[in-house]
Amino acid sequence: MSAAAPPVAPPVTKNASPGASAAAHQAAAKRRRRRNLLVGWSFILPNFLGFAALTLVPVIGALAMAFTQWDSYSTPKWVGLDNFQRLWNDSNFWAALQNTFYYAAGHIPLTLGVSLGLAVLLNQKLRGVHVLRTAFFFPYITSLVAVAVVWNMLLSPDSGPVNQFLSFLGVDHPPGWTSSRDWAMPALIIASVWRDMGYYMVLFLAGLQTVPAELYEAARMDGAGPWQRFWHVTLPGLRPTTFFVTVMITVSSFKVFDLVQVMTEGGPGRSTLVLSQLIFREGITQGRFGYASAVSLALFLICLVITVIQFQMQRRSER
Amino acid sequence: MKLKKSLARIAPLVVATALTATACDASGTDSSSSSDGKTVVKVALWNYKTTPEFKALIDGFEAKNPDIDVQPVDILADSYPDKVTTMLAGGDTTDVLTMKNVTDYARYATRGQLLPLTDEATKLDKASYSGLDDYNLKGKYYALPYRSDFWVLFYNKDMTGKADMSKLTWDDYAKLAKQFTKGSGSDKVYGTYLHTWRSVVQAISSAQTGGDQLGGDYGFFKDQYDMALGLQKAKAVLPFSAASSNQITYDSQLTTGKAAMVPMGSWWAAALLAEKQQGKNDINWGMAPMPQIKSDGKTVTFGSPTAFAVNKKAKNADAAKKFVTWASGPEGAAAVAKIGVTPAYTSDKILDTFFSVDGMPTDALSRTAMQPTTVKLEMPVSDKTSDIDQILKEEHELIMSGEKSVDAGIKEMDKRVKDEVQ
C-alpha cells in the first residue's frame, strides 16, 4: 500500500437519476448485511453444529420416539398416544412422580438454606477460612459412588455411626434408613444435600462479593444488627444469585438419578424410585424406548413448567 | 485462484471419504482367516481374564483344531447383554455369542439373529445334559449349553463339625443355623447367611413346590419366607436390612468365618478355589445338597445354564458350529471341569475330573451335592419375565426388611403382577 487510498465512493454518472443511486445504496447495504450475517453464522456454526448433533436432534428424536413402540432393534412402530395412555395408567410412573416431588421438596430448600448459611459464615475474615471452604467444596468433586458407599456405611441400621450415636442419645429404635420405606428418601436427601452444598456455597460466595460494602456500612450506622443486615442487605443483594441457584437446584432435583441408583436402586420396594430411574429402567433395561421417551417428555414438561413459573416470579418481584 | 476454489470445494469431500474409508476399515476388523491361513472364529464373551473357563475352552479347542484360530471379543460382564444387543442390531459379524442367560437367548433367537443348531442338538445324549431343554424353542435349538450352574449348600467344615447335612429339610437347616450361631457383638458368627437376591427365597420355593413365578398367585412363597424371617428373628442370620445397606458380599460371609452355611450357586466353587490358590482365604469348605421341603430323598434345586450360539451373520459359520458343539460336548465339559466349573454335560468321568481339581472338597457329601435329582430353571422365560422379576424383587425387599408382613407382601405381588403385567 502506498499513501492513503482515496475514499471509495459509489460511481456517480451525470445522467444517473436519484432513484438509481438509492437502489445502488440499498444493494450495497444488502450485500454488507449478507456478508455480516455470513460472518456471524460462521462464528456460531461450529457450536451450533455440536448443539444440533448432540442435543437438538436427540431431543426431537426422543419427542418423535414417544409416539412409537421401539426396542432399539426392530423398525419403530407408530402407536400414536398409546405410550401416554400407558403412562397415565402406570402405577410405577405415579410412584416415581410422587417420589421425585418428595425428593425435590426436601432437597431444594435444604440445599438452598445450608449453602447460603455456609456462604455467609465463610464470607467472614476468619483464620483458616480457605481450608474450611475447600473442605465444604470437597464432597462435590468426590466420586458419587464413593459418596453413596460412605453414606450407606454411615447410615447402616445396626452398625452405622449415625444410629449408634442416636442410640447413645437414648433413641430406642433408630431408623432403618435405606432399608426402610419411610426413611430411605430422607437418607437420600441428607446425602445429596451434603454433596451439593459446597458447590452452591461457592456460587453464593461469589454473589456475596457483589453486595456493596457501603450498604453494610450504612445499615450499621442506622443501627441495624447482624440479622437485620442479613435480611435487608444481604438477601436483596443476593437476589440474582439466589434465583440462579434455585433454578439450578430445582432442575438437578428433578433429574436426580445417580445417587438413588447407587444408594437404594429405587428401593426398598419402590419407595425411592424417581422419574430418571424409571426412564433408565424402561429404556435401557427393558428395551422399551418409546415408553421411556414418553416418560422423559413428561419429566421435560415438569422441569419446563417449574422453570417458567420461577422466571415469572422473579420478573414479578423485580417490578 | 480457481484452483484454490476447486480445492476448497473438494477438500471436505476428500476428508469425508477418507474418514469413511478409515471407519470402514476399523469396523471391518475383518478377515475370515488369519495371516497364517487359519480360519478365524471370534467369540463374544465377558471378563476374559477373570473368567478362566473361556481360556480353558479356547485353548482346548485350538489344540484339537490347529487350523482354527479362536479369538475372544472381550466385553465387560455387567454391560454384556446390552453390548451384544447393540452389536447384533448393528449387523456385527462376531461368529459365536455367549448366551449369559436364557431370557436374552429367547430374545435373540425369536428375532432371527441366531443360526439354528437343531441338528447338532438332536445328536446329543439328552440324559447326560443339564439345561439343554431350556433352549428348546418350539422344537428348535439355537444354542448349546456348555455349563450349568445349580444351587447347593456351601458350608464351613470347621464350624459345622459332625452335623449330618446329607438330607436336610428346611426345618433341619433352620435348627442347625440356630445351633451354629455363637458369640455377640463384633465376635458374633451366624449359623447361616441368606443373600439379598430374591431367588434365595423365591426361586427355591418355586422349584421345590412347582409354583409358577409368572403365574400371579404367589401363596407358595409363604413357608419359605416364614423360615427366612424366623431365622432373622432368632438372630441366626445377618438381617436383610444390614446385608443390603452394607452391600455385603456372600463370599465374605463364608470366607471370613462369619457364617457357617450359605446357599449359593455352584459357580462359587471355582471362585473359592481360585481365592485359595491366590492365598486370599484358607477356609475349609464343603458342599451339601440344597435343603428340601419334602423329605422324599430327592434333591430338587434351581439353576441356570450358560450356552454358546452362532451369529446368523457369522463370517465362519461352519467353524463356529464346530467350536460350539465341541464346547458343549464331553471334551469341552472336561476342559471346564478341570478348573472347577460345572459343565452342562456330566458323566462319572467328568465328575471325577471336577473333584480332582486341586483344593476341591472330595468328600462323599460334596459329590452328592453335585448330582441333584432335578434342576429347575431359576425363572421361566417369557416376554413378561423382566417386568414380573422387578415386581417380585421390590416386594421381596419389603418383606425381608420387615416393612411388610409376608401375607401383605404376597397379596401385593399377586395384585401388581395381575394389574400391571398380565
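The values are calculated or read from the model by the stated rules, or taken from the named source; none is laboratory data. The structure presented is a predicted model; accordingly, all values stated were derived computationally and were not measured. Positions of Cβ are generated from backbone atoms using ideal geometry, with glycine treated the same way; all protein chains shown enter the neighbour counts. Remember, those area values only see protein heavy atoms, side chains included, never the ligands or the DNA or RNA. Shrake-Rupley method; radii C 1.70, N 1.55, O 1.52, S 1.80 Å.
Reported count of residues in the stretch B:249-280, each being within 14 Å of chain A (Cβ to nearest Cβ) and either crowded, with 18+ Cβ neighbours inside 10 Å or under 18 Å from the mean Cα position of the chain (by Cα) (or both), is 1.
Go through the stretch B:391-415 and give me each residue that's more than 12 Å from chain A (Cβ to nearest Cβ) and either outside any helix (DSSP H, G or I) or open to solvent by 50 Å² or more (accessible area, probe 1.4 Å) (or both). Matches in the stretch B:391-415: B:Ser405, B:Asp407, B:Lys411. The condition (being small (Gly, Ala, Ser), within 12 Å of chain B (Cβ to nearest Cβ) and without any contact (Cβ under 8 Å) to a residue 60 or more places away in the chain) is satisfied by just one residue among A:Gly176, A:Gly170: A:Gly176.
For the residues B:Thr342, B:Thr346, the requirement of being open to solvent by 30 Å² or more (accessible area, probe 1.4 Å) and either among the polar types (S, T, N, Q) or touching a His at 6+ places or on another chain (Cβ under 9 Å) (or both) singles out B:Thr346.
Here is a yes/no grid of residues against (1) hydroxyl-bearing (Ser, Thr, Tyr); (2) farther than 30 Å from B:Gly183 by Cα; (3) open to solvent by 50 Å² or more (accessible area, probe 1.4 Å):
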| residue | (1), (2), (3) |
| --- | --- |
| B:Val73 | no, yes, no |
| B:Lys83 | no, yes, yes |
| B:Tyr105 | yes, yes, no |
| B:Thr118 | yes, yes, no |
| B:Lys140 | no, yes, yes |
| B:Tyr146 | yes, yes, no |
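Of the helices (runs of 4 or more DSSP H) contained entirely in the stretch B:238-327, those carrying at least 3 residues that are out of contact with any helix residue (DSSP H, G or I) (no Cβ under 7 Å at 6 or more places or on another chain) fall at B:250-255, B:267-277. Among residues of the stretch B:376-390 being of a type outside the set (Ser, Thr, Tyr) and at the interface with chain A (Cβ under 9 Å from one of its Cβ atoms), the one that is nearest to B:Asp419 (Cα to Cα) is B:Asp387.
Looking only at the stretch A:121-129, decide whether some residue is assigned to a helix (DSSP H, G or I), closer than 30 Å to A:Ile189 by Cβ and either open to solvent by less than 30 Å² (accessible area, probe 1.4 Å) or at pLDDT 95 or above (or both). Yes, the stretch A:121-129 contains a residue that is assigned to a helix (DSSP H, G or I), closer than 30 Å to A:Ile189 by Cβ and either open to solvent by less than 30 Å² (accessible area, probe 1.4 Å) or at pLDDT 95 or above (or both).
Against the list (1) in a helix (DSSP H, G or I); (2) open to solvent by 20 Å² or more (accessible area, probe 1.4 Å); (3) within 14 Å of another protein chain (Cβ to nearest Cβ); (4) of a type outside the set (Phe, Trp, Tyr), the condition A:Val202 fails is (3).
Within the stretch A:79-99, is there a residue that is in a loop (DSSP other than H, G, I, E, B), within 14 Å of another protein chain (Cβ to nearest Cβ), over 21 Å from A:Asp258 (Cβ atoms) and of a type outside the set (Phe, Trp, Tyr)? The answer is yes; a qualifying residue exists.
Tell me whether the stretch B:164-172 contains one or more residues that are farther than 30 Å from B:Ser295 by Cβ and in contact with a helix residue (DSSP H, G or I) (Cβ under 7 Å, 6 or more places away or on another chain).
Let us first name the residues in the stretch B:164-172 that are farther than 30 Å from B:Ser295 by Cβ, namely none.
No, because not a single residue in the stretch B:164-172 is farther than 30 Å from B:Ser295 by Cβ and in contact with a helix residue (DSSP H, G or I) (Cβ under 7 Å, 6 or more places away or on another chain).
When restricted to residues that are open to solvent by 30 Å² or more (accessible area, probe 1.4 Å) and either of a type in the set (A, V, I, L, M, F, W, C) or away from chain A (no Cβ under 14 Å) (or both), the stretch B:231-248 contains 3. Screening the candidates A:Phe93, A:Phe101 for the property of being open to solvent by less than 60 Å² (accessible area, probe 1.4 Å) and modelled with pLDDT of 95 or more yields one hit, A:Phe93. Would you please name the residue that is farthest from B:Ala274 (Cα to Cα), looking only at residues in the stretch B:39-66 that are in a strand (DSSP E or B) and open to solvent by less than 20 Å² (accessible area, probe 1.4 Å)? Here the answer is B:Val40.
The single condition among (1) within 14 Å of chain B (Cβ to nearest Cβ); (2) touching a helix residue (DSSP H, G or I) at 6+ places or on another chain (Cβ under 7 Å); (3) assigned to a helix (DSSP H, G or I) that A:Ser156 does not satisfy is (3). Among the conditions (1) in contact (Cβ under 8 Å) with a residue 60 or more places away in the chain; (2) open to solvent by 80 Å² or more (accessible area, probe 1.4 Å); (3) out of contact with any strand residue (DSSP E or B) (no Cβ under 9 Å at 6 or more places or on another chain); (4) not β-branched (Val, Ile, Thr), A:Gln69 misses just one, which is (3). Scanning the stretch A:55-78 for residues that are more than 14 Å from every other protein chain (Cβ to nearest Cβ) and hydroxyl-bearing (Ser, Thr, Tyr), we see that the one that is farthest from B:Val421 (Cα to Cα) is A:Thr55. For the stretch B:353-369, check the following and say yes or no: at least one residue is crowded, with 17+ Cβ neighbours inside 10 Å, within 14 Å of chain A (Cβ to nearest Cβ), in contact with a Ser or Thr (Cβ under 9 Å, 6 or more places away or on another chain) and without any contact (Cβ under 8 Å) to a residue 40 or more places away in the chain. Taking every residue of the stretch B:353-369 in turn, none turns out to be crowded, with 17+ Cβ neighbours inside 10 Å, within 14 Å of chain A (Cβ to nearest Cβ), in contact with a Ser or Thr (Cβ under 9 Å, 6 or more places away or on another chain) and without any contact (Cβ under 8 Å) to a residue 40 or more places away in the chain. Is it the case that A:Thr242 is in contact (Cβ under 8 Å) with a residue 60 or more places away in the chain and among the hydroxyl-bearing types (Ser, Thr, Tyr)? In short, yes.
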